[in-house]
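Okay, so here's the structure we're looking at.
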Amino acid sequence: MNQKTTKYFFLIAGIATLLGSLPVMIAPRLATLELFNFTANIPENYMPLIRHWGVMAVGLGALLIYASFNSTVRFSVALFSTASKLYIIGCSLWYLTSDFNAISISEYGVHANYTLLIVLEALLAIGGIIYLIKPSSDTSSQIS
């Protein structure tokens, strides 16, 4: 990626990450209903965990935005961001194929649609992987 493309990738990835998770940080119950199409109430004891994910993702979005303007931190931010996005993709895919999904549906009436989340996170992870493995003027100065 060239400098201009890299800057815009980090900026767009940061804005998407921050704005996508901000509702979860502010109002986890309403946001999970709107974003993930939960069909019933989530048990109250899950709310701190869900809100914590929102806080972490908002922070990651802010770091990505910061990295778009500061090339010296891009490699570190890209490494953390890509690992985080690959992890949430893996967790989402595991959840959808596990017994926990069936238990959530039968016990709590919770049926989530993670399609949009998986697609967006996968696109951002692919961009991060390309940035990390393709030499650019940003990363070559970080590694040497």
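A short reminder: the numbers here are calculations on the coordinates, not readings from a lab. Fair warning: this is a prediction, and the values are worked out from it, not measured in the lab.
Full extension of the chain between Thr97 and Val73 gives 5.0 nm of extra length, using 0.36 nm per residue less the Cα-Cα distance.
Can you give the percent of C-alpha pairs in the range 3-133 whose distance is more than 23 Å? Here the long-distance tail beyond 23 Å is 34 percent of all Cα pairs in the range 3-133.
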